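Participant: If you scroll down you'll find the structure; I have some questions about it.
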Amino acid sequence: MSSLSSAWSRTRPHLLLALPGLLLAGALVAGGLSWRAQATNRDIAVLEANRDRPVTAEASAQLILARVLQLARRDATEAMEPLVAALESRDAPALLARARYALGNARLRRALDLIERGQLDPAGPLIVLARQEYRRALQARPAFWDAKFNLDVASRLIRDFPELDRQIGDELKAEPKKIWTDIPGQPRGAP
């Protein structure tokens, strides 16, 4: 018991001298983290105001999502893809789901615009890509109701092809009654 008491009396002055240094170091770390969070929030506010601000893949997940959403409003899907891929490596499934949903919406908007202009052929692949993004959003967050709804809407625009038996090479064997058209459009030809 006396050895414990004597050890405490020897180390107590050293601890009292080290304590202010440890508190100062902790305060500096907390201040640095607070400054970084404020800078991220300022960048997010700039992006939400629809002003352009480049974001790298090393930025925080929230800042990447804000940039993805800003690019989605501009329908810049090509610029969104690397940022969405950067979110995949983070442990933020809710943010990844929102980013994939935004990418799917941008593609679906572009496809619907093409359909309204009567350009059905280039709209098909965009709808397929939008459906893939909605499915990936649902994989990240299965209870994402908006992604479920938009997947249903996109699925009604283009039906899935039935499974075809693939033979050797490029030959496909399928019954003619199982092949569907991509996008419902105006009937062609005589009755």
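The values are calculated or read from the model by the stated rules, or taken from the named source; none is laboratory data. Please read these numbers as outputs of a predicted model, since none were measured by experiment. Positions of Cβ are backbone-derived with ideal geometry, glycine not excepted, and every protein chain shown enters the neighbour counts. Note: accessible area is taken over every heavy atom of the protein model, side chains too, but ligands, DNA and RNA are not part of it. Shrake-Rupley method; radii C 1.70, N 1.55, O 1.52, S 1.80 Å.
Participant: At 1.4 Å probe radius, can you tell me the per residue accessible area of region 1-158 in Å²?
Facilitator: 61 Å²
Participant: While we're on this one: Could you look at region 9-70 and say what percent of its accessible area is carbon and sulfur, using a 1.4 Å probe and all protein chains?
Facilitator: Looking at region 9-70 in its full context, I get 65 percent from C and S.
Participant: Loop-only check: which trypsin sites (Lys or Arg not before Pro) in region 54-87 are DSSP coil with at most 14 other Cβ within 10 angstrom?
Facilitator: Arg74
Participant: Sticking with this one: Restricting to DSSP loop positions (anything but H, G, I, E, B) with no more than 12 other Cβ atoms inside 10 Å of their own Cβ, which GluC sites (Glu not before Pro) remain in region 51-149?
Facilitator: Sparse-neighbourhood loop GluC sites (Glu not before Pro): Glu58.
Participant: Suppose the chain between Ala18 and Arg156 were pulled fully straight at 0.36 nm per residue; how much longer would it get relative to their current alpha carbon spacing?
Facilitator: 42.9 nm
Participant: Calculate the spin-label point distance for Arg117 paired with Ala25, positioning each point 7 Å from the Cα along the beta-carbon direction, and give it in nanometres.
Facilitator: Modelled inter-label distance: 6.2 nm.
Participant: Note down the nm distance, to one decimal, between modelled labels 7 Å out along Cα→Cβ at Asp52 and at Arg73.
Facilitator: Label at Asp52, label at Arg73, 1.5 nm between them.
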